[in-house]
Amino acid sequence: MTTSFPYVPLDDKGWRLAMGLRPLDLATWLEVDERYEEELALKTALLRDNYDVVVATNPEGDDASRELLEEVRDFLHRYHPEIVLQVLEGEHPIVEASRLVQEDLCVLTKSDTWRLRAACVCFPSRWSLATKIGTTLDDIHSPVPLYDHVLARPTNAFFDRLTPERSFWRLNWTLLDSPVLHQPYGARGSPSGALADWFFRVERQTLRQLPQTKSIVFTIHTYVASAVTLRERDETFVPALVNAMESAPASVQTYKGWTGVAQQLRDALTRSE
Ligand code: HEM
């Protein structure tokens, strides 16, 4: 469990589906925190035992992955010189890059449209990389309720307009009944048990276009904290969470595995008052 938990993207406005993009200062492209060693060790184990679950590549993503590796090395050299850059030679460059940072890394290139061409995703939140490789933004997001109506068009347009000069980041969050970072499968059942069994999971995602290959890099840094810890830190956390969950449409609650959870949280809150 991370001691610092930098992002709690809840407010009193309730749930809404939005791109939520903010300008990114490239000095903060990737984040290094106290879980660096632990998460890199976890990646090493996953790459050894579950390589085909956590890595997927098409040849169309090779040049971009090489450029990404150089960008990651340059970034760490410049902003985190304390990190010793050791790489296992001979691996796919997106795997080499992924072994250096806590983030999951995805590369998209444009052919007929933007397609996912290389990825090393060790910490997925209940989705399968193998089913997404080579597919379009629309196909990747096909299980996401309302995406096709609300986000498909602006997201594709955003990808077309992105330049190397201006990068962006956004946050995604959910509540799960497990703190495990590697969750590639699983029905989105409702979290069970008491408040102590629930975990708030936030993804800090960045989007940037690489200057040479003009591919787009999507990074995901996953932060997990127990709901109890966040409640102890901030008494507005659970009420804001309940409000966000209750204001989400039923289709979103089902997709996220939240059906009935807001009520349970409300009950837990009442009991502890
Ligand atoms: C501006 C860019 C993007 C936006 C606005 C966006 C938005 C979203 C949203 C709203 C969800 C639902 C997640 C949730 O509520 O828990 C989602 C899920 C997801 N996104 Fe994105 N996304 C973007 C870019 C990408 C990219 C570049 C990838 C490439 C890998 C990606 C991969 C996924 C995957 C795999 C899921 C889970 C889908 C599933 O359940 O099977 N997203 N995205």
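Once the 1.4 Å probe is applied to the protein heavy atoms, the chain comes out at 47 Å² accessible per residue.
Between Thr254 and Asn50, what is the FRET efficiency for a Förster distance of 35 Å, r being their Cβ-Cβ separation, to the nearest 0.05? Step by step, r from the Cβ atoms, then E = 0.80.
Each Lys and Arg adds +1 at its Cβ and each Asp and Glu adds -1 at its Cβ; summed about the Cα centre, the range 1-66 shows a dipole of about 240 debye.
Taking other residues whose beta carbon is less than 12 angstrom from the beta carbon of Arg201, and scoring Lys, Arg as +1 and Asp, Glu as -1, yields +1. Length gained on full extension, Asp33 to Gln86, computed as 0.36 nm times the residue gap minus the Cα-Cα distance: 17.2 nm. In a DSSP loop and with at most 15 other Cβ atoms within 10 Å, the GluC sites (Glu not before Pro) in the range 10-106 are Glu34, Glu82, Glu89. Accessible surface of the range 22-272, 1.4 Å probe: 52 percent of it comes from carbon and sulfur atoms.
Cα gyration tensor of the range 22-272, axes a ≥ b ≥ c as square roots of the eigenvalues: rounded (a/c below 1.5), prolate (a/b > b/c) or oblate? Verdict is prolate for the range 22-272. For the range 176-246, GluC sites (Glu not before Pro) meeting the loop criterion (DSSP other than H, G, I, E, B) and having at most 16 other Cβ atoms within 10 Å: Glu235.
The values are calculated or read from the model by the stated rules, or taken from the named source; none is laboratory data. Note that the coordinates shown come from a computational prediction; the quantities given were computed from them, not determined experimentally. Counting neighbours? That spans all protein chains shown, and the Cβs are built from the backbone with ideal geometry, glycine included. Heads up: the accessible areas ignore ligands, DNA and RNA and are worked out on the full protein's heavy atoms, side chains in. Shrake-Rupley method; radii C 1.70, N 1.55, O 1.52, S 1.80 Å.
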